[in-house]
Amino acid sequence: MKFGTSGLRGLVTDLQGHASALYATAFAQHLLAAGHAKTGDRIFVAGDYRPSSPDIAATCIGALQRAGLTAVDCGSLPTPALALYAMTQGCASLMVTGSHIPADRNGIKFYRPDGEIDKADELEITHIAAEISDSIFDLTPGSARSEEKEALALFAARNSRLLPADALSGLKIGVYQHSTVARDGLIDVITGYGATTVALGRSDHFIPVDTEAVSAQTIELLRGWAKEHHLDAIVSADGDGDRPLVADETGTPLRGDLLGLIVARFLDAEVVVTPVTSNSGIEAAGGFRVTRTKVGSPFVIDGMNAASAAGETAVMGFEANGGVLTQSDFAVAGTTLTALPTRDSFLPVLATLLLTRREGKPLSSIAADFNLPVAAADRLENFAVETSAALMAHLRESPENLAAFLAPLGDVGSISDIDGLRVTLLDHSIVHLRPSGNAPEMRCYVEAENEAAALALLEKSLLRVRDWAKAH
């Protein structure tokens with residue numbers, strides 16, 4: 001088990017039982033020792049629709065109760081809904097989810113009363129877990145009072161105030177429901193703003209949907225539905241509802257960093273914090289200052305905290321997966337949108353649909369009007385962590401190694417080593433290789449002058465990685 005870009009992740013067979021009890025106990029002890037909670041305080045627990053999530057959540061509830069906290073069961077709901085509910089009451093929370101990864105894996109996200117834990121918290125929780133590992137014997141699942149309805153109601157109320165009344169009237173929106181915990185909430189809120197909604201692809205089996213690297217199979221589904229139902233857009237989210245998916249009227253997904261940019265304009269943000277993987281055109285796309293970070297919500301949150309500490313206002317962040325975080329309160333639709341410093345999929349979905357309605361033209365045209373460099377991303381799954389580490393070490397060892405590896409793609413111009421290796425070639429195209437922080441995957445992000453060039457560069461880049469792995 002280890003912490004990745006967002007929470008603890010691992011195989012279900014490793015997380016169930018001892019590990020989930022261990023890390024829940026370590027989290028409770030950290031909260032108590034750091035003064036984030038006192039004995040008897042409430043802590044909220046929820047999960048996604050993975051088959052293993054209820055079992056892991058029950059084990060965590062039992063462990064938290066034995067550690068001296070009062071667990072509250074929030075059932076199955078989006079991660080931002082759990083975080084909002086807990087933060088509003090000044091309590092910590094714990095979300096059982098593996099986000100977008102396959103069902104044979106799962107994870108746990110941890111929240112202090114003031115929001116998502118940071119890297120220092122992760123280190124301390126890991127240290128405590130190592131110290132107490134041999135003393136965790138009682139794995140008895142727990143049960144707790146349910147406040148799922150209350151948590152969902154608070155999140156629904158927040159989203160119902162984001163836009164003017166009937167702001168989406170006249171639109172016909174498909175909602176790809178699959179197995180995301182956001183599926184019913186998306187239908188309710190979009191319908192509430194006057195749009196016609198079409199429920200699509202609801203599943204009783206868990207379907208991993210990665211909003212940052214949408215699979216060819218998913219795109220085929222989206223395009224078929226868009227044509228069949230004559231939709232203005234299709235929206236969805238990942239497993240725990242904190243990363244949005246928005247496809248245009250043809251069923252073609254929009255990049256998550258474009259959704260984040262749309263939110264920045266919607267909120268009239270002054271400071272935007274985003275990872276190095278977000279589109280290189282973000283800096284020139286609005287009247288805000290941009291701070292780049294490593295990949296992962298803890299790094300984005302650190303950047304937002306630094307901006308606030310420096311006296312900046314109207315601070316927000318987003319990731320290339322489209323999840324939006326707000327550090328500041330923002331005025332929207334005659335009310336105040338309170339800060340929610342964790343990824344949220346509902347805000348970017350609604351801001352994008354509002355832009356479509358106001359512009360009165362196809363979403364594909366609106367996306368093109370932003371004139372961002374064309375970007376593409378994909379991943380090699382089941383790519384051994386050891387192989388990823390060896391490749392990255394080889395490329396960093398010398399400029400000659402890097403140049404030789406990239407020679408079939410182009411000549412090296414400049415390099416960023418913030419997170420993985422991001423190389424700008426002399427023709428201004430970009431190749432960014434980054435091992436996943438929480439799964440055996442190698443991710444690749446590219447930018448080029450047009451879509452055909454970007455897709456070709458992506459294919460060639462992944463082929464270079466495969467060939468190197470085979471040779472070594």
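The values are calculated or read from the model by the stated rules, or taken from the named source; none is laboratory data. Every value quoted in this text rests on a predicted model; they were computed, and no experiment measured them. Neighbour counts are summed over all protein chains in view; Cβ atoms, including those assigned to glycine, are modelled from backbone coordinates with ideal geometry.
Residue 387: of a type in the set (S, T, N, Q), closer than 25 Å to residue 173 by Cβ and assigned to a helix (DSSP H, G or I), yes or no?
Values: of a type in the set (S, T, N, Q): yes; closer than 25 Å to residue 173 by Cβ: no; assigned to a helix (DSSP H, G or I): yes.
Against the criterion (of a type in the set (S, T, N, Q), closer than 25 Å to residue 173 by Cβ and assigned to a helix (DSSP H, G or I)), residue 387 does not qualify.
Which one of these is hydrophobic (A, V, I, L, M, F, W, C), at pLDDT 95 or above and part of a loop (DSSP other than H, G, I, E, B): 307, 269, 264?
Details: 307 fails: part of a loop (DSSP other than H, G, I, E, B); 264 fails: part of a loop (DSSP other than H, G, I, E, B).
Only one candidate qualifies: 269.
Enumerate the pairs (first residue in segment 220-246 and touching a residue at least 12 places away in the same chain (Cβ under 8 Å); second residue anywhere and aromatic (Phe, Trp, Tyr)) with beta-carbon separation below 6 Å, excluding pairs fewer than 6 apart on the same chain, so at least 6 apart or on different chains.
Close Cβ pairs satisfying both conditions: 234/176; 236/176.
Taking into account only those residues within segment 272-301 that are within 19 Å of residue 424 (Cβ to Cβ) and of a type in the set (Lys, Arg), which is modelled with the highest pLDDT?
292
Testing residue 365 on (1) more than 21 Å from residue 189 (Cα to Cα); (2) part of a loop (DSSP other than H, G, I, E, B), one condition comes back false. Which one is that?
Unmet condition: (2).
Could you list, in sequence order, all residues of segment 457-472 that are buried (at least 16 other Cβ atoms within 10 Å of the Cβ) and either modelled with pLDDT under 95 or hydrophobic (A, V, I, L, M, F, W, C) (or both)?
Result: 457, 458, 462, 465, 469.
Quick grid of which residues meet (1) outside the structural domain of residue 230 (by TED's automatic domain parsing); (2) under 19 Å from residue 48 (Cβ atoms):
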{"residue": "141", "(1), (2)": "yes, yes"}
{"residue": "155", "(1), (2)": "yes, yes"}
{"residue": "158", "(1), (2)": "yes, no"}
{"residue": "166", "(1), (2)": "yes, no"}
{"residue": "175", "(1), (2)": "no, yes"}
{"residue": "187", "(1), (2)": "no, yes"}
{"residue": "191", "(1), (2)": "no, no"}
{"residue": "204", "(1), (2)": "no, yes"}
{"residue": "208", "(1), (2)": "no, yes"}
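Say we look at segment 278-313 and pick out the residues that are acidic (Asp, Glu) and either touching a Pro at 6+ places or on another chain (Cβ under 7 Å) or in contact (Cβ under 8 Å) with a residue 24 or more places away in the chain (or both); which of these is surrounded by the fewest Cβ atoms within 10 Å (Cβ to Cβ)? First the steps, then the outcome.
Of all residues in segment 278-313, those acidic (Asp, Glu) come to 283, 302, 312.
From what's left, either touching a Pro at 6+ places or on another chain (Cβ under 7 Å) or in contact (Cβ under 8 Å) with a residue 24 or more places away in the chain (or both): 302, 312.
Values: 302: 19, 312: 16.
If we take residues in segment 278-313 being acidic (Asp, Glu) and either touching a Pro at 6+ places or on another chain (Cβ under 7 Å) or in contact (Cβ under 8 Å) with a residue 24 or more places away in the chain (or both), then 312 is surrounded by the fewest Cβ atoms within 10 Å (Cβ to Cβ).
Return the total of residues in segment 43-91 being in contact with a Gly (Cβ under 8 Å, 6 or more places away or on another chain) and aromatic (Phe, Trp, Tyr).
1
Only one of 140, 180 is under 24 Å from residue 242 (Cβ atoms), modelled with pLDDT of 95 or more and touching a Gly at 6+ places or on another chain (Cβ under 6 Å); which? Reasoning before the result, please.
Numbers: 140 fails: under 24 Å from residue 242 (Cβ atoms).
After ruling out the rest, the residue left standing is 180.
Filter segment 314-338 for residues that are assigned to a loop (DSSP other than H, G, I, E, B) and surrounded by 18 or more Cβ atoms within 10 Å (Cβ to Cβ); which is farthest from the chain's Cα centre (by Cα)? Working first, answer last.
Filtering segment 314-338 down to residues assigned to a loop (DSSP other than H, G, I, E, B) leaves 314, 319-323, 327-329, 333-334, 338.
Checking the rest, the ones that are also surrounded by 18 or more Cβ atoms within 10 Å (Cβ to Cβ) come to 314, 319-323, 327-328.
Numbers: 314: 21, 319: 7, 320: 8, 321: 6, 322: 7, 323: 5, 327: 16, 328: 19 Å.
That would be 314.
Is it the case that some residue within segment 202-218 is more than 15 Å from residue 247 (Cβ to Cβ), crowded, with 18+ Cβ neighbours inside 10 Å and of a type in the set (Gly, Ala, Ser)?
No, every residue in segment 202-218 fails to be more than 15 Å from residue 247 (Cβ to Cβ), crowded, with 18+ Cβ neighbours inside 10 Å and of a type in the set (Gly, Ala, Ser).
Need pairs with beta-carbon distance below 7 Å; first residue more than 8 Å from residue 178 (Cβ to Cβ) and within segment 195-207, second of a type in the set (Ser, Thr, Tyr) and surrounded by fewer than 13 Cβ atoms within 10 Å (Cβ to Cβ); sequence gap 6+ or separate chains.
Between residues of segment 195-207 that are more than 8 Å from residue 178 (Cβ to Cβ) and residues that are of a type in the set (Ser, Thr, Tyr) and surrounded by fewer than 13 Cβ atoms within 10 Å (Cβ to Cβ), the close pairs are 195/169.
Out of 145, 158, report the one residue that is more than 23 Å from the chain's Cα centre (by Cα), more than 19 Å from residue 1 (Cβ to Cβ) and not hydrophobic (A, V, I, L, M, F, W, C).
Details: 158 fails: more than 23 Å from the chain's Cα centre (by Cα).
Unique residue meeting the criteria: 145.
From (1) hydrophobic (A, V, I, L, M, F, W, C); (2) part of a helix (DSSP H, G or I); (3) more than 22 Å from the chain's Cα centre (by Cα), pick out the condition that doesn't hold for residue 151.
The single condition residue 151 does not satisfy is (3).
Restricting to segment 409-426, count the residues that are closer than 16 Å to residue 460 by Cα and outside any strand (DSSP E or B).
3
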